[in-house]
Amino acid sequence: MIYGLIALGIVLIFKATKVFNFAQGHLLMMGVLLSLMFINRFHIGIAIPLVIACAFGIGWVLERGIMRPLIGQPLISALLMTLAVAYLLDGVATIFWGTKIVPYPQWYPEQSFPFMAIEVSSGVVWTILVAAGIFVALAFFYRRSLMGKAMRATADSHQVSQSLGIKVTRVFSLCWIMAAVIAFIMALFFGVHVGAFRYLSEWGFRAIPAVLIGGMESILGALIGGLLVGVLEVIATAYLGAFIGSMFPFIILLIAIIVKPHGLFGQPEIVRV
Amino acid sequence: MDVNYRQSVAMLRTRSQWIALGVLLAFLAVAGRVFPSEIVDVMNMMFILIVAAHGLNILTGYCGQISVGHAAFKGTGAYTAAMLIVRLGWNHWVALPVAALAAGGAGVAFGLPAFRVGGFYLAMSTLAAQFILPALFLFAMPGIVGGISGITVPRPAIGDFSFRIPENQYYLFMPMCVVMTIVARNIARSRTGRAFVAVRDNEPAATIMGINPFGYKLRAFFIGCLFAGVAGWMRVVYDGCVRPDIYPLMGSIWMLGIIIIGGMGTTIGPIFGVILVRALNEMVLMLSPFIGGFFRPEIAIQMGAGLGLIVFAVVVIVFLVFEPRGLAHLWQVFNERMRHWPFKYEPG
């Protein structure tokens, strides 16, 4: 599920800007660490809006300050830029939070109840509900709102949408902000499950197979790919051991690239000379 | 100027270039004995990185195939060498070409998806390599591969000249680096190198001109990872051991950053990049206790590691935004300026 939501953030940015964001996992990590700080200092009612405000700020700064100058540059520049951003966030986190695991406060009521013969904790239910909520909201946003339509147009062709009066740069900003906000919201739940520490950012890289399997441009694909990779990884760990399990997402990734490179829901691109 | 063909294809065309090269080689020849041991050690590390960076530069800079798995391919070379030397008792010098070939083979294996997809998807396949190969080093057959503690490898020696101390290693790494640089330059300006550039710049157009993009991409993967394998062998000699944690994802990204900073698609670029990045890194390591003094002690401990990451990331960002062609381009501009001096230089 977490894979799915990280993948969702990556897909959101890729759809409109054609930039693959390697730093999505690092955004998640920053989200966990920042929200940890806020929740420990303030009441939860103040902390959550603060976290979302931070996400807005970071998303906007990243797009405006760092990605904007690279429009029109080759693919590798943008890729490397997100990697550089990733390591910048890593460095900041290392300095201020160190590399230890910090316990994350249990900020929502936790109880478990039986559900179809298995015990389900309310944390899992909350996570799934919020994820589903984000997904439905996004679907509505893309189908119904003007901005959502502008985003889909931008995804098709930057030049055409620019000439139709869509502010492409604003669409880009919004995409990055949305991706950051999703990462930060998920961080609130993710932190409770696994605790706060720097190496959370690793999950960002592990979410990449989910993006590719789902298809680079498909939001539904990101969620399904995330679920698929997550479940397969757990199954592989259980039946084949931790060794195979830890690299299983990437084995799936290799197979996916060879067999169906554009994913389950993606569209191949047609290149002309 | 009366220029014949031999002169115009020569790598060094003017007398001043020959003199500059002579001075540089003379400097390199004595540097290993003149400088203190710590500096020689840093230079050794630079030589290893330069060889690896040449490989990545051929793959990414010339052929345009982004690889985020270069450290893993380097590790493949290192592990092959270590296993051959320790488990099978091979000679170090025999193990070198085999290690290089093994890394090249691994590169081709992970480059195979290029048959169906290009550019960005291929980068994903190398990312898979970066996660799968180190996991193999760590988990596969600990009796042979060494598990978490790795393999301890004895240093090679020629007669009584043992490559145990940095001053002596210098005279192994420096010539290797010089040779590999010449090889890299010659690959880049051969038919193969020009085909790489054609594939990078416009793949469909390259196909129409009779270049098989798939074949050349695989060739680029093979050559690039061959260099990585050589660098891996050098690293084994440098460390005297192999361990899974020497070849992390971070290493691959450092390599990418180095060729960006140096300037992709130039042979001089990786050299500049390595020197700048390593020098900055050493400076950060020296300065971080000082800067850490201004902060709380629990923050100060992590200062070195964190600051290293931040400085590296910021330098890469600055170069991407302000000079995507890297130090090599600045060097070219500087040269042109000097050539026209004292007249004004008009960039063409």
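The values are calculated or read from the model by the stated rules, or taken from the named source; none is laboratory data. Source: prediction; values computed, not measured. A quick note on method: Cβ atoms are made from the backbone with ideal geometry, for glycine too, and the neighbour counts reach across all protein chains shown. Side chains included, ligands, DNA and RNA excluded: accessible areas come from the protein's heavy atoms. Shrake-Rupley method; radii C 1.70, N 1.55, O 1.52, S 1.80 Å.
By its C-alpha gyration tensor, with a ≥ b ≥ c as the square roots of the eigenvalues, how is the range A:210-266 shaped: rounded for a/c under 1.5, else prolate for a/b larger than b/c, else oblate?
It is oblate, given that a/c is not under 1.5 and a/b is not larger than b/c.
What residue among B:ALA313, B:ALA95, B:ALA72 shows peak mean-square fluctuation when chain B is described by a Gaussian network model with Cα springs under 10 Å?
Fluctuation is largest for B:ALA313.
Select from chain B the helices, each a whole stretch of DSSP H, whose alpha-carbon atoms run 18 Å or more along the helix axis and whose Kyte-Doolittle mean is at least 0.0; answer none if there are none.
B:15-34, B:37-56, B:70-86, B:92-111, B:119-139, B:166-188, B:213-239, B:249-262, B:268-292, B:303-322
At 0.36 nm per residue, and after removing the present C-alpha to C-alpha distance, how many nm does the segment from B:ILE165 to B:LEU88 gain when stretched out fully?
Using 0.36 nm per residue and subtracting the Cα-Cα distance, I get 25.2 nm.
With a 1.4 Å probe and all protein chains kept in place, how much accessible area does B:SER288 have, in Å² rounded to the nearest 10?
Solvent-accessible area, nearest 10 Å²: 10 Å².
What total accessible surface area, summed over both chains, is buried at the interface between chains A and B, computed with a 1.4 Å probe and given in Å² to the nearest 100?
4000 Å²
Anyone know which of B:ILE66, B:ILE208, B:ILE148 comes out most mobile in the 10 Å Cα GNM of chain B?
Highest fluctuation of the listed residues: B:ILE208.
What value does the range A:1-63 have for Rg/Rh, both radii from Cα atoms and Rh as Kirkwood defines it?
Reported Rg/Rh, Kirkwood definition of Rh: 1.02.
At a probe size of 1.4 Å, how large is the accessible area of A:LEU264, to the nearest 10 Å²?
Spelled out: A:LEU264, probe radius 1.4 Å, area about 90 Å².
Based on the Kirkwood radius over alpha-carbon pairs, what is the Stokes-Einstein translational diffusion coefficient of the protein assembly as shown at 25 °C with 0.890 mPa s viscosity, in µm²/s?
Result for D is 94 µm²/s.
Quick one: putting +1 on the C-beta of Lys and Arg, -1 on the C-beta of Asp and Glu, what dipole do you get for the range B:36-247 around its Cα centre, in Debye to the nearest 20?
For this selection, approximately 580 debye.
Taking only DSSP H segments of four or more residues, each worth -39500 (n - 2.57), what value at 222 nm results for the protein assembly as shown once the sum is divided by all its residues, to the nearest 500 deg cm²/dmol?
After summing the helix terms and dividing by residue count, I get -24000 deg cm²/dmol.
So, in Å, what gap is there between the alpha-carbon centers of the range B:56-71 and the range A:7-26?
Each part's Cα centre sits 22 Å from the other's.
Relative contact order of the range A:210-266: what whole-number percent is it, with Cα pairs under 8 angstrom and at least 6 residues apart?
RCO, the range A:210-266: 47 percent.
Once you put a point 7 Å from the Cα of B:HIS340 and another 7 Å from the Cα of A:GLN159, both along the Cβ direction, what distance in nm separates them?
3.3 nm
I'd like the distance separating the alpha-carbon centroids of the range B:198-241 and the range A:218-259, in whole Å.
Using only Cα atoms, the two centres lie 28 Å from each other.
Applying 1/(1 + (r/R0)^6) with R0 = 51 Å to the Cβ-Cβ distance of B:GLN332 and A:ALA132, what FRET efficiency is obtained, to the nearest 0.05?
On the way: r = 55 Å, r/R0 = 1.09.
FRET efficiency, B:GLN332 to A:ALA132: 0.40.
Roll a 1.4 angstrom probe over the protein heavy atoms and tell me the percent of accessible area of the protein assembly as shown that is carbon or sulfur.
69 percent
In nanometres, what is the gap between the two model label sites at B:VAL23 and A:ILE235, each 7 Å from Cα along Cα-to-Cβ?
Spacing of the two 7 Å Cα→Cβ label points: 6.7 nm.
Taking only C-alpha pairs under 8 Å that are 6+ residues apart, what is the relative contact order of the range B:36-247 in percent?
Details: 346 pairs, mean separation 92.8, N = 212.
So the answer I get is 44 percent.
Considering only protein heavy atoms, with the full assembly of protein chains and a 1.4 angstrom probe, order A:PHE250, B:PHE139 by accessible area, largest first.
Output order, biggest surface exposure first: B:PHE139, A:PHE250.
With all protein chains present and a 1.4 Å probe, how do A:ARG64, B:ARG33, B:ARG185 order by accessible area, largest first?
Details: A:ARG64 110, B:ARG33 135, B:ARG185 90 Å².
Order by accessible area, largest first: B:ARG33, A:ARG64, B:ARG185.
Mind checking the mean number of beta-carbon atoms from other chains within 10 Å of the Cβ atoms in A:238-251? Before the final figure, lay out each step's value.
Working: counts 0, 0, 0, 1, 2, 5, 2, 1, 5, 9, 3, 2, 10, 3.
So the per-residue partner count for this stretch is 3.
Quick check: with the 1.4 Å probe, what order do B:TYR171, A:TYR239, B:TYR238 take by accessible area, largest first?
A:TYR239, B:TYR171, B:TYR238
Once the whole set of protein chains is in place, how much accessible area is left on B:HIS340, using a 1.4 Å probe, in Å² to the nearest 10?
70 Å²
When all alpha-carbon pairs of chain B are counted, what percent fall beyond 38 Å?
Values: 11217 of 60378 pairs.
Value for chain B: 19 percent of Cα pairs lie more than 38 Å apart.
With a Förster radius of 41 Å, plug the Cβ-Cβ distance of B:ARG191 and A:ILE258 into 1/(1 + (r/R0)^6) and report the FRET value to the nearest 0.05.
0.90
At q = 0.13, 0.17, 0.28 Å⁻¹, work out log10 I(q)/I(0) for the range B:50-121 with the Debye formula, treating every Cα as an identical point scatterer and leaving solvent out; two decimals please.
-0.43, -0.67, -1.27
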